[in-house]
Amino acid sequence: MIQADLLVHSAAQLLTVASPEGPKRGEEMGELGIIEDGAVAIKDGRIAMVGKTEELQGQVEAEEQIDASGRVVMPGFVDPHTHVVFAGSREGEFEQQIRGATYMEIMARRGGVMNTVRATREATLDELIAQSRKRLDTMLAYGTTTAEVKTGYGLDIENELKMLEAIRILDRTHPMDLVPTFLGARAVPDEYAGRPGEYLDFVIEEMLPRVTKEEWRTIWEKEMPPHRSLFFCDVYCEEGLFTVEEARRLLTAAKDLGLGLKIHADEFSSIGGAALAAELEVTSADHLVCTPPEEIELLAKTDTVAVLLPGTSFGLGRRAYANARAFISAGVPVALATDINPGTCWCESMQFIIALACRQMGMTPAEAISAATINAAHAIELGGEGGSLEVGKKADILILDIPNYSHLAYRFGVNLVKTVIKGGKVVKRSA
Ligand code: ZN
């Protein structure tokens, strides 16, 4: 008999989303590794065994059992692109947008993201943590067990370090695992208005060395979930923000310091951001709403994951969504994320993102689930640690009150997740 801490059994469908060879591409994205009448055994926070209920009940002796009859059991969602640590809110700007102002116009008037920068700079570390923790609680309740979190609302050394510290403390004190990304090149702060090149020099020469200096490295290495890169560096490559040349300069410097690379590219305009992503073989290229076909082909030749953010198009009331079908048929691994942020998409729910991806980007429910779990884990270099129910991986598991996985995409606007298991511990349980 195998001794286990917890056995979840009798699931109508257990989705392993297994993909031992790396992220899912093309038709693999539609394969969820479904086990009917499935069960999963957990020991010491990790998955000890997965299979049919009959098989596991014959071999596993568990301290606790959960009957998942009539329900779907699947891996916890991984949200690989968030700006969830921030202070304040921007509902006034939302009203301006409804009346016709565009996001880039508001930003050009030094509103938009600059309002969040001001609020985040004014907030104490404790205030920043308290405000962000509430959002993480909601994310967890909606089934997100791991998330990437970006800085980028400090835009000076003191406040970027404050954001990193907030992410670190939240990772340690909240059940979710958080993976930090340094996004000092999110925007040009007021004090550098009109001088993006000079600000970028400052980011490369002053900020990057500070955020990666030895004492921080030691802390991250000890406390963060194990992943290949120390942490990530990201840049907003977009008309009116940073050029391809500037993005290349920053990401190359970050790579030299051992950071993993990410890029915000082609959200509103195509200026070659996706081609740069392919050139540098970044871990993920994100947004990709306007990426031309020839740059999709370039990405397909690399291991870069395309992180698509339909919640942002929805949040802005745009008709333009990323062309998920083109990425999937080219063989680019596609992931989904919320992009939760106070300007364009304050949405904690990966369930809603899946529903949107199916309607606005033509993804099938199965593809969207692969994109929100295993491929999302690969987008933050945690594909070996989570994103699927495979033996040895962290036991991050959801039980949804739905009879089959299609309901996850078909129904929207409510929380279908009843039970959340994080690292083998039940952190949410409802009837
Ligand atoms: Zn973003």
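The values are calculated or read from the model by the stated rules, or taken from the named source; none is laboratory data. In this text the structure is predicted, and so the values were computed from the model without any measurement. Cβ coordinates were reconstructed from backbone atoms using ideal geometry, including for glycine residues, and neighbour counts include every protein chain displayed. To get the accessible areas, we keep the full protein, side chains included, count just its heavy atoms, and leave off ligands, DNA and RNA. Shrake-Rupley method; radii C 1.70, N 1.55, O 1.52, S 1.80 Å.
For the reader, a short list of remarks on this structure follows.
- Within the stretch 310-329, the set of residues being over 17 Å from ARG90 (Cβ atoms), touching a residue at least 60 places away in the same chain (Cβ under 8 Å) and more than 19 Å from the chain's Cα centre (by Cα) comprises just one member, SER329.
- Exactly one residue among VAL289, VAL307, VAL235 is within 16 Å of the ligand (Cβ to nearest atom), in contact with an Asp or Glu (Cβ under 6 Å, 6 or more places away or on another chain) and in contact (Cβ under 8 Å) with a residue 40 or more places away in the chain, and that residue is VAL307.
- Options GLY100, GLY112, GLY143; residue that is under 30 Å from GLU205 (Cβ atoms) and either out of contact with any helix residue (DSSP H, G or I) (no Cβ under 9 Å at 6 or more places or on another chain) or in contact (Cβ under 8 Å) with a residue 24 or more places away in the chain (or both): GLY112
- The one condition from (1) in contact with a helix residue (DSSP H, G or I) (Cβ under 8 Å, 6 or more places away or on another chain); (2) modelled with pLDDT under 95 that LEU136 does not meet is (2).
- Among the residues of the stretch 46-84, those identified as in a loop (DSSP other than H, G, I, E, B) and either surrounded by 15 or more Cβ atoms within 10 Å (Cβ to Cβ) or within 16 Å of the ligand (Cβ to nearest atom) (or both) are ALA68, ARG71, GLY76, PRO80, HIS81, THR82, HIS83, VAL84.
- Selection within the stretch 167-185 - under 15 Å from ASP137 (Cβ atoms) and open to solvent by less than 10 Å² (accessible area, probe 1.4 Å): LEU170, MET176, LEU178
- Residue check: PHE352 meets all listed conditions (1) away from the ligand (no atom under 16 Å from the Cβ); (2) assigned by TED's automatic domain parsing to the domain that holds MET114; (3) within 23 Å of ALA274 (Cα to Cα) but one, namely (3).
- Checking each residue in the stretch 23-45 for being assigned to a loop (DSSP other than H, G, I, E, B) and either modelled with pLDDT under 95 or in contact with a strand residue (DSSP E or B) (Cβ under 8 Å, 6 or more places away or on another chain) (or both) picks out PRO23, LEU32, GLY33, ASP44, GLY45.
- Filtering the stretch 310-324 to residues that are within 16 Å of the ligand (Cβ to nearest atom) and of a type in the set (D, E, K, R) leaves only ARG318.
- Flag if PHE327 is away from the ligand (no atom under 16 Å from the Cβ) and in a helix (DSSP H, G or I): yes
- Yes/no for VAL332 being part of a loop (DSSP other than H, G, I, E, B), farther than 30 Å from ARG99 by Cα and assigned by TED's automatic domain parsing to the domain that holds VAL149: yes
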